[in-house]
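Following: one structure in structure tokens, then a few remarks.
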Amino acid sequence: MSRLIVTVSILILAIVAGNLPSSPEPVLSRSSLKEFPSRIGDWVLLKEQQIDEKSMAVLKVDDYIVRTYSNSSGETISLYIGYFNSQKEGKTNHSPRQCLPGAGWSPIETTSVMLDLAPGKTGQIPANRYLMQKGDEKEIFLFWYHGRGRQIADEYMTKAYLIWDSISRNRTDGALIRVNARASSNPDEAVRKQVEFIRSFYPILSKYIPE
């Protein structure tokens, strides 16, 4: 029932937004993701990828990084951040729920979790936790939608807030943040290391993704 209420609310907000006069969104002060640190705690940049033109024509992100970091133990973690200055006119974050299967990953387990990024309840943010498999390889993906002072896991709520912020704040900027690593025989241990990795860069995110 709650999902139905959210869906109806999104439709109502979309109708309201569509009938309001549009104006250019504010130009926000932020640093380019190209300046994102090459060292994050014990993790050092190992490889950086570029999105090909065909994929960019679909994603339409304004700024992004696709990186692999390695720690002193030789373990690796991948980080994707895709940022939009504006999510209008067909430009919006593409859900990993759809993109990962399209890239050959099959879901084994999907759930929502709270990531403990700082002591106390205020240091928790919601995220999606996907255990995926491609051939013999298994990986844990953690991802959430980040921007305009919010961290959201649920796609429906993300769309609702996007429309609401467009009406109330004339802002639709925001990003998708995704971290993934091999699950091996212990998925919980993989998640623990990913959370530690996220803790290391989370405090500086507002420099690249405005609040």
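So the values come out like this:
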item: Under the Debye formula (equal points on every Cα, no solvent term), log10 I(q)/I(0) of segment 113-174 at q = 0.25, 0.28, 0.30 Å⁻¹; result: -1.01, -1.10, -1.17
item: Theoretical FRET efficiency, 1/(1+(r/R0)^6), r = Cβ-Cβ of HIS94 and SER73, R0 45 Å, to 0.05; result: 0.90
item: Under 17 Å from LYS54, Cα to Cα: lysines that are on another chain or at least 8 residues apart; result: LYS91
item: The chain: DSSP helices with Cα axial extent of at least 20 Å and average Kyte-Doolittle hydropathy no lower than -0.5; result: 2-18
item: For GLU25, distant residues with modelled amide H under 5 Å away; result: none
item: Bins of 10 Å from zero: percent of alpha-carbon pairs in segment 25-85; result: 19, 44, 28, 8, 1
item: Members of LYS34/LYS88; LYS88/LYS193; LYS138/LYS159; LYS47/LYS88; LYS47/LYS134 lying beyond 28 Å, as alpha-carbon distances in this model show; result: LYS88/LYS193; LYS138/LYS159; LYS47/LYS88
item: Dimensions in Å of the chain - Rg and Dmax from alpha carbons; result: 17.5, 56
item: Kirkwood-type radius of segment 86-151, with distances r between different C-alpha atoms, in Å; result: 13.7 Å
item: Shape parameters for segment 106-211, alpha-carbon atoms, Rg then Dmax in Å; result: 14.9, 48
item: Sorted by Cβ density within 10 Å, fewest first, the residues TYR156, TYR69; result: TYR156, TYR69
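Bear in mind that the values in this text are calculations on the coordinates, not laboratory data. As the structure is a prediction and not an experimental result, all values here were calculated from the model. For neighbour counting, all protein chains shown are included, and Cβ atoms are generated from backbone atoms with ideal geometry for every residue, glycine included.
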